Amino acid sequence: MGEIRVVLQSLKMSIHTRMQYRVDSLVATLAVFIRESANIIAIYLALLKFDRINDWNVNEMLFLYSILFLTYAFVVSLFADLRQFSDTIREGRFDRLLVRPRSLLLQLILNNADLIASAGHGTLGLLLFVISAGRVGIHWDFVTVLYYIGAIIGGILIQGGMFIVFSSLCFYFVETGSIRDIFYWNMRKFAGYPISIYHKLIQGILIYVVPFAFVNYFPAQYLLRKEDMANYPAIYIYIAPFVGIIVYAAAYLFWRVSVRRYYSTGN
Amino acid sequence: MLLIVLKDVSKTFRDKNVLKNISLHVAKNEHVGLIGLNGAGKTTLLNVIAGVIKPDVGFIRTYGKESIIEDHQSLRKMAYLSGTRSQLWEELTVKASLQNCMNMYQINPQVFARRLEQLQGIFETEAFMELKPGNLSLGERMRCELVYALLAEPEILLLDEVLIGVDVSIKHKIIQFFEADRKEKQATIIYTSNHLAEVEKLCDRVILLHAGEIIFDGKAERMISEFSPYYRMEIRIAEGLPDLEDLPLEKYRIDSDRITIDYDKQKIETTQILKHLMKKSKIGDIRLYEPDLEGTIKKIYGGREWKTS
């Protein structure tokens, strides 16, 4: 229970800090929203020309996108401190966390929560969901709603796990920003479209290396049942919500090993 | 009860032996001054004790734990405060940081309020509560750091160069606080410093670290009486030549109107020398040099020379 209180305290502090500059926060949120929306609008206009890509229509692709934004809205606040983790190490701000009587990750989670980015991405995600969900023929019942919530949580855990892995790499290498740019941001761009349109290699990376496919593609397949799903084992649809738990647990183990190595070999 | 035990601890960083065969015991409620020149290995030794760095070889137990940072129960009883590494959250006000501390160390809110009021009184930090650490001077921040470190009433306190940048009046208050603590026997404290005089007042025991080795471990008074180098006095005589033969001086040199005297404070007081000089001569100018740590180290090594920096 104490652990949860510490995390909630971090959130309270983050909100408090942002609320001191209400107008700034609102404007910044709007800026994030507009920036991300501009991307989506550009993609939307391009897609109108094609009508369909691999049997996916525009609304179905917006639905695919909405999952990315909704999950990222949580990730960007929960794991905000892990985004600049290499700076934390380089500037020697990590050692002080070691001597505090709390789990290291719990000290980092929700600390400095980027609520502005969360609000921007979250609003856009919701908007895309509202626009697309009603038009893609999903039959919403108890099971599908439950699956959808599970998939969102799984998606948050998958991306959180990736952030933890990228942060753990900072214990071994000085510069890890480019690894993260390639494997997180570039792959996330790919994940905006049905992965079946890509070369096998990229599909493989999206399924097995940085499993974005389990964040939005396979969960969307459960709800939409497109024909291109025939290319992949059907079970992937059903395990999607659980992949998050596995990725997160593996990332956590890697983190523990890396931290131990960090203070035992000297920093 | 031994709270900290190190046996044959060595640590190498990039081919540099930062710590060499360090063995030491610290008993409960002992106040230990860890002194040494810059780069002697003081902070590394403190990091080893805190578990932030693991030694390459050797035996280490703090609170009976090989790695205290992996045991949150024990860690709650230890505070590690550094003049160069802040424990406060840069992005939060000091007050918010202290509240975080309350939550992390599971301090009862009433106890917290009472303790905070008491510490605020000692370190005069009320005015800084709504500010962020970035807006404070080094000394002001250090006082807030001390409040943070002492809130949880730690049983082990590791203080790394905490008097850096603190102005004299506050320095005095901090020293007073820890002197009182020493009498009341509330905590086990290790201070690092490169000022012998600072540590002398606060500690029962002094450990002198040089190039990663312990070259002295014992009472502060013993170190001063046995190894402290001589004080040096340089005088310009305006009139009349003094007679210095009768005084128990270590060494003196007369060079026309300039006299250089090296003396041991155990044998003769500065004022006695001055009184003697003024009997026969008029003093034009005078300069005093206190013995420094470098001199002490050289003396322990048997070298008699020392620098008047």
Given (1) within 24 Å of A:F166 (Cα to Cα); (2) crowded, with 19+ Cβ neighbours inside 10 Å, A:W56 misses just (1)
> touching a Phe, Trp or Tyr at 6+ places or on another chain (Cβ under 8 Å) and more than 22 Å from B:I49 (Cβ to Cβ) - does that describe any residue in the range B:145-160?
Replying inline: yes
Subset of the range A:205-239, residues touching a residue at least 60 places away in the same chain (Cβ under 8 Å), outside any helix (DSSP H, G or I) and over 11 Å from A:L64 (Cα atoms), comes to A:K226
Conditions (1) of a type in the set (D, E); (2) at pLDDT 85 or above; (3) closer than 30 Å to B:I273 by Cβ -> B:E161 fails only (3)
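Just one of B:D255, B:D243 is over 30 Å from B:L151 (Cβ atoms), more than 30 Å from the chain's Cα centre (by Cα) and at pLDDT below 85; which is it? So that I can check it myself, show each step before the final result.
Details: B:D255 fails: at pLDDT below 85.
Of the residues listed, the single one that is over 30 Å from B:L151 (Cβ atoms), more than 30 Å from the chain's Cα centre (by Cα) and at pLDDT below 85 is B:D243.
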* So B:N47, is it within 11 Å of chain A (Cβ to nearest Cβ), more than 17 Å from B:D217 (Cβ to Cβ) and of a type outside the set (D, E, K, R) -> yes
Considering the range B:194-241, residues that are more than 27 Å from B:D8 (Cα to Cα) and polar (S, T, N, Q), and then whichever is surrounded by the most Cβ atoms within 10 Å (Cβ to Cβ), we arrive at B:S228
Reported set for the range A:57-101 where residues are within 14 Å of another protein chain (Cβ to nearest Cβ) and not charged (D, E, K, R) is A:A80, A:Q84, A:T88, A:I89, A:G92, A:F94, A:L97, A:L98, A:V99, A:P101
Going through (1) surrounded by 17 or more Cβ atoms within 10 Å (Cβ to Cβ); (2) more than 20 Å from A:R5 (Cβ to Cβ); (3) more than 21 Å from the chain's Cα centre (by Cα) one by one, B:Q118 fails only at (1)
The strands (runs of 3 or more DSSP E) lying entirely within the range B:3-75 that contain at least 3 residues which are under 17 Å from the mean Cα position of the chain (by Cα) are B:31-35
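Quick one: is B:R61 surrounded by fewer than 21 Cβ atoms within 10 Å (Cβ to Cβ) and closer than 30 Å to A:I15 by Cβ?
Judged against the criteria, B:R61 is not a match.
So which of B:Q87, B:Q106, B:Q118, B:Q73 ends up being over 19 Å from A:S103 (Cα atoms) and either touching an Asp or Glu at 6+ places or on another chain (Cβ under 6 Å) or in the same structural domain as B:K7 (by TED's automatic domain parsing) (or both)? Show your work before the answer.
Values: B:Q87 fails: over 19 Å from A:S103 (Cα atoms); B:Q106 fails: over 19 Å from A:S103 (Cα atoms); B:Q73 fails: over 19 Å from A:S103 (Cα atoms).
The conditions single out B:Q118.
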If we keep only residues of the range A:189-247 that are hydroxyl-bearing (S, T, Y) and in contact with a helix residue (DSSP H, G or I) (Cβ under 7 Å, 6 or more places away or on another chain), then the residue surrounded by the fewest Cβ atoms within 10 Å (Cβ to Cβ) is A:Y198
Do the conditions hold for B:R85, that is, is it over 19 Å from A:R5 (Cβ atoms), of a type outside the set (V, I, T) and not in a helix (DSSP H, G or I)? yes
Only one of (1) at pLDDT 90 or above; (2) buried (at least 23 other Cβ atoms within 10 Å of the Cβ); (3) touching a strand residue (DSSP E or B) at 6+ places or on another chain (Cβ under 9 Å) does not apply to B:T44, and that is (2)
Taking the range A:150-204 and keeping only residues that are of a type in the set (S, T, N, Q) and either in a helix (DSSP H, G or I) or modelled with pLDDT of 95 or more (or both), one is left with A:Q159, A:S167, A:S168, A:S178, A:N186, A:S196, A:Q203
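So if I check each of B:E124, B:E90, which one is more than 23 Å from A:N111 (Cα to Cα), touching a residue at least 40 places away in the same chain (Cβ under 8 Å) and surrounded by fewer than 16 Cβ atoms within 10 Å (Cβ to Cβ)? Steps first, answer last, please.
Working: B:E90 fails: more than 23 Å from A:N111 (Cα to Cα).
Of B:E124, B:E90, the one residue that is more than 23 Å from A:N111 (Cα to Cα), touching a residue at least 40 places away in the same chain (Cβ under 8 Å) and surrounded by fewer than 16 Cβ atoms within 10 Å (Cβ to Cβ) is B:E124.
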Residues in the range A:8-26 that are away from chain B (no Cβ under 13 Å) and surrounded by 14 or more Cβ atoms within 10 Å (Cβ to Cβ) total 1
Selection from the range B:88-105 of residues part of a loop (DSSP other than H, G, I, E, B), of a type outside the set (S, T, N, Q) and either within 7 Å of chain A (Cβ to nearest Cβ) or out of contact with any helix residue (DSSP H, G or I) (no Cβ under 7 Å at 6 or more places or on another chain) (or both) yields B:E91, B:L92, B:Y105
inquiry  = Quick check on the range B:141-148. Is at least one of its residues touching a residue at least 24 places away in the same chain (Cβ under 8 Å) and in contact with a strand residue (DSSP E or B) (Cβ under 6 Å, 6 or more places away or on another chain)?
reply    = yes
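For B:A127, indicate whether it is of a type in the set (G, A, S) and within 8 Å of chain A (Cβ to nearest Cβ). Show your work before the answer.
On the way: of a type in the set (G, A, S): yes; within 8 Å of chain A (Cβ to nearest Cβ): no.
No.
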When every residue in the range B:64-85 that is crowded, with 21+ Cβ neighbours inside 10 Å and out of contact with any Phe, Trp or Tyr (no Cβ under 9 Å at 6 or more places or on another chain) is compared, the one nearest to the other protein chains (Cβ to nearest Cβ) is B:Y80
Within the range B:176-197, the residues that are within 10 Å of the chain's Cα centre (by Cα) and either at pLDDT 85 or above or more than 17 Å from B:L81 (Cα to Cα) (or both) are B:I190, B:Y191, B:T192, B:S193, B:H195, B:L196, B:A197
The range B:222-295: strands (runs of 3 or more DSSP E) wholly inside it with 1 or more residues that are without any contact (Cβ under 8 Å) to a residue 40 or more places away in the chain are B:251-255, B:258-263
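The values are calculated or read from the model by the stated rules, or taken from the named source; none is laboratory data. Just so we're clear, the structure is a prediction, and the values are computed from it rather than from any experiment. Glycine gets a Cβ as well: all are built from the backbone with ideal geometry, and neighbour counts include every protein chain shown.
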